[in-house]
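Participant: I'd like to ask you about the structure that follows.
The values are calculated or read from the model by the stated rules, or taken from the named source; none is laboratory data. Everything numeric in this text was worked out from a predicted model, so none of it was measured. Glycine also receives a Cβ, built like all others from the backbone with ideal geometry; neighbour counts cover every protein chain displayed.
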Amino acid sequence: MTESRFQELLLTETEHIQKLNQIVIDAVEEEKLISEKLLQFEDMHPDLGSRVADRIASFGGSWRFIASFATIMVLWVSANIFLLSRPFDPYPFILLNLLLSMLAALQAPIIMMSQNRREERDRQRAVNDYMINLKSEIEIRNVHQKLDLLITEQMKTLFELQTLQLELMRDIKANMGGNSQN
């Protein structure tokens, strides 16, 4: 009778462990799905205007742009002062100033568009990070609850096993006491 009770307790304990393992596996898979969904947001393809704005902004904020622009300005000024007998833009370089103003007037909003898009992506990443952190916190709490449940179930099982062991020891003692009197 007690042997079948031992088998029953071990089987119950194994079932509890298997259920907890499955819950953990499901939670890990669910976390993967959330991460994959968040990565899909970042893989979205921007429209043509946004891509052009990003390229112009990346070139406009580079050393290559500064070097090429400085070279063009030096060539423009040198040509109009030293090389040409009839300069097309004599000193004070009004045409160059006009071109620089137009370039600044066009480049500034394009750079701002690119920065706004980048800021929106950063904001969305922050929201995604928050969601993942919140999900992780919830999962940690769930794992703690599951561990508490597991410990409680194990303690219950250990107490039942201890009770059965004490009964077995009493039976053994009773059998030994009865055999010694025969």
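Participant: Examine segment 112-133 for a residue that is closer than 28 Å to residue 45 by Cα, out of contact with any strand residue (DSSP E or B) (no Cβ under 8 Å at 6 or more places or on another chain) and not in a helix (DSSP H, G or I), and state whether such a residue exists. Working first, answer last.
Facilitator: As a first pass, look at segment 112-133 and keep what is closer than 28 Å to residue 45 by Cα: 112-133.
Retained after the next criterion (residues that are out of contact with any strand residue (DSSP E or B) (no Cβ under 8 Å at 6 or more places or on another chain)): 112-133.
If we keep only those that are not in a helix (DSSP H, G or I) as well, we get none.
No.
Participant: So for segment 26-34 (the condition being part of a helix (DSSP H, G or I), under 30 Å from residue 152 (Cβ atoms) and either basic (Lys, Arg) or at pLDDT 75 or above (or both)), does at least one residue qualify? Let's see the steps before the verdict.
Facilitator: Step one: filter segment 26-34 for residues part of a helix (DSSP H, G or I), giving 26-34.
Add one more test, that the residue is under 30 Å from residue 152 (Cβ atoms), and what stays is 26-32, 34.
Now drop any that are not either basic (Lys, Arg) or at pLDDT 75 or above (or both), which leaves 32.
Looking through segment 26-34, at least one residue is part of a helix (DSSP H, G or I), under 30 Å from residue 152 (Cβ atoms) and either basic (Lys, Arg) or at pLDDT 75 or above (or both).
Participant: On to the next question. In segment 56-76, how many residues are at pLDDT 90 or above and either among the basic types (Lys, Arg) or under 29 Å from the mean Cα position of the chain (by Cα) (or both)?
Facilitator: The qualifying residues number 1.
Participant: I've got another one for you. Test residue 90 against the criterion of being over 30 Å from residue 123 (Cβ atoms), at pLDDT 90 or above and not aliphatic (A, V, I, L, M), and give yes or no. So that I can check it myself, show each step before the final result.
Facilitator: On the way: over 30 Å from residue 123 (Cβ atoms): yes; at pLDDT 90 or above: yes; not aliphatic (A, V, I, L, M): yes.
Yes, satisfied.
Participant: Next question. Which residue out of 79, 53 is of a type in the set (A, V, I, L, M) and either touching a strand residue (DSSP E or B) at 6+ places or on another chain (Cβ under 8 Å) or at pLDDT below 90 (or both)? Talk me through it step by step, then tell me what you get.
Facilitator: Values: 79 fails: either touching a strand residue (DSSP E or B) at 6+ places or on another chain (Cβ under 8 Å) or at pLDDT below 90 (or both).
None of the other options fit; the residue is 53.
Participant: In segment 117-148, how many residues are surrounded by 13 or more Cβ atoms within 10 Å (Cβ to Cβ) and more than 30 Å from residue 22 (Cβ to Cβ)? Reasoning before the result, please.
Facilitator: The initial filter retains those residues of segment 117-148 that are surrounded by 13 or more Cβ atoms within 10 Å (Cβ to Cβ), namely 117, 121, 124-125, 128, 131-132, 135, 139, 142-143, 146.
With the extra rule that they be more than 30 Å from residue 22 (Cβ to Cβ), the set shrinks to 117, 121, 124-125.
The total comes to 4.
Participant: If residue 178 passes every condition in (1) at pLDDT below 90; (2) under 40 Å from the mean Cα position of the chain (by Cα) but one, which one does it miss?
Facilitator: Here residue 178 meets the rest and fails (2).
Participant: Could you list, in sequence order, all residues of segment 57-103 that are within 21 Å of residue 115 (Cβ to Cβ) and surrounded by 12 or more Cβ atoms within 10 Å (Cβ to Cβ)?
Facilitator: 57, 58, 59, 60, 61, 65, 69, 103 - these are the residues of segment 57-103 that are within 21 Å of residue 115 (Cβ to Cβ) and surrounded by 12 or more Cβ atoms within 10 Å (Cβ to Cβ).
Participant: On to the next question. Would you check which residues across segment 59-100 are within 29 Å of residue 46 (Cα to Cα) and without any contact (Cβ under 8 Å) to a residue 12 or more places away in the chain and list them? Can you show your working first?
Facilitator: The first filter runs over segment 59-100 and keeps only residues within 29 Å of residue 46 (Cα to Cα), leaving 59-66, 68-69.
Across segment 59-100, the qualifying residues are 59, 62, 63, 64, 65, 66, 68, 69.
Participant: Any idea how many residues of segment 93-129 are at pLDDT below 90, within 25 Å of residue 49 (Cβ to Cβ) and among the acidic types (Asp, Glu)?
Facilitator: The total comes to 1.
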